[in-house]
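**Q** After the structure tokens below, expect a handful of questions from me.
The values are calculated or read from the model by the stated rules, or taken from the named source; none is laboratory data. Keep in mind the model is a prediction, meaning the values are calculated, not measured. Here the Cβ positions follow ideal geometry from the backbone for every residue, glycine too, while neighbour counts run over all protein chains shown.
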């Protein structure tokens, strides 16, 4: 078991995980607890406001962001989320939303300083060795990793997920050709620019096929939802799993 001192965090589970993939949230909790972390789930949490923000509905996004600040300011504990996309919204998007509102911008800046994506928190904040985090995972198989755009470019998290995957005893990590290219989802981008999104998805799926992976892993379920749809359309047997599902110890 990990030897890190116990620490308490607030889990921001995200809308898509809460509504469609609750097993990902459960895996994140098991993983954090295995790492010696006490997990608190603020029940009043809702959407962080990113869909509205990306769609240009700034008034509505600010209302959700203010609620998020109210909920997660009730504790000084770090905020951990199994989503690079939502973490990037809190870290960067809130500063933009409140750029003309100094008091709330100061609140957002303070909150951003203690908000982390899951893999980022485990390795960079807790400073655990990858095998301390992932060594108890029962997962087996060939895995390719897709770095989501917000995690890679928005937060600058490049190595943590792959270091953790490589530490799973049963994982054979396969290189994904053109891994850093966007999958084509981009939230509302996939709706507004369907043809371009589909072409980007096809390019990404070609890389998945070339990797010979059995499982495609990412740190964002929005990307995986898009990718899984393309794989199923093509009749592929490759499955998509969140990073937490691969790393977590058995229930």
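**Q** Could we say that residue 13 is within 15 Å of residue 248 (Cβ to Cβ), part of a loop (DSSP other than H, G, I, E, B) and at pLDDT 95 or above here?
**A** Yes.
**Q** Under the condition of being out of contact with any strand residue (DSSP E or B) (no Cβ under 7 Å at 6 or more places or on another chain) and farther than 20 Å from residue 163 by Cβ, which residue from the stretch 237-251 is modelled with the lowest pLDDT?
**A** 251
A quick yes/no check of all residues on (1) out of contact with any strand residue (DSSP E or B) (no Cβ under 6 Å at 6 or more places or on another chain); (2) buried (at least 19 other Cβ atoms within 10 Å of the Cβ):
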| position | (1), (2) |
| --- | --- |
| 181 | yes, no |
| 186 | yes, yes |
| 191 | yes, no |
| 196 | yes, no |
| 199 | yes, no |
| 204 | yes, yes |
| 224 | no, yes |
| 232 | yes, no |
| 235 | yes, no |
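**Q** Moving on. With 70, 18 as the choices, which residue is in a helix (DSSP H, G or I) and within 14 Å of residue 111 (Cβ to Cβ)?
**A** Just a single option satisfies the conditions, and that option is 70.
**Q** Okay, next question. Checking the structure you have, find out if any residue of the stretch 23-36 is surrounded by fewer than 17 Cβ atoms within 10 Å (Cβ to Cβ), without any contact (Cβ under 8 Å) to a residue 12 or more places away in the chain and either over 18 Å from the mean Cα position of the chain (by Cα) or assigned by TED's automatic domain parsing to the domain that holds residue 168 (or both).
**A** So far as the stretch 23-36 goes, no, none of its residues is surrounded by fewer than 17 Cβ atoms within 10 Å (Cβ to Cβ), without any contact (Cβ under 8 Å) to a residue 12 or more places away in the chain and either over 18 Å from the mean Cα position of the chain (by Cα) or assigned by TED's automatic domain parsing to the domain that holds residue 168 (or both).
**Q** Before we move on, is residue 162 part of a strand (DSSP E or B) and either without any contact (Cβ under 8 Å) to a residue 40 or more places away in the chain or not assigned by TED's automatic domain parsing to the domain that holds residue 86 (or both)? Reasoning before the result, please.
**A** Details: part of a strand (DSSP E or B): no; either without any contact (Cβ under 8 Å) to a residue 40 or more places away in the chain or not assigned by TED's automatic domain parsing to the domain that holds residue 86 (or both): yes.
So residue 162 does not fit the description; no.
**Q** To continue, here is another question. Scan the stretch 46-60 and give yes if some residue there is surrounded by 13 or more Cβ atoms within 10 Å (Cβ to Cβ), touching a strand residue (DSSP E or B) at 6+ places or on another chain (Cβ under 9 Å) and part of a helix (DSSP H, G or I), otherwise no.
**A** For the stretch 46-60, residues surrounded by 13 or more Cβ atoms within 10 Å (Cβ to Cβ), touching a strand residue (DSSP E or B) at 6+ places or on another chain (Cβ under 9 Å) and part of a helix (DSSP H, G or I): absent.
**Q** If only one of 76, 106 is out of contact with any helix residue (DSSP H, G or I) (no Cβ under 7 Å at 6 or more places or on another chain), without any contact (Cβ under 8 Å) to a residue 24 or more places away in the chain, outside the structural domain of residue 221 (by TED's automatic domain parsing) and more than 18 Å from residue 14 (Cα to Cα), which one is it?
**A** 106
**Q** Within the stretch 130-144, identify whether any single residue is free of Cβ contacts under 8 Å to residues at least 12 places away in the same chain, assigned by TED's automatic domain parsing to the domain that holds residue 242 and not in a strand (DSSP E or B), and answer yes or no.
**A** no
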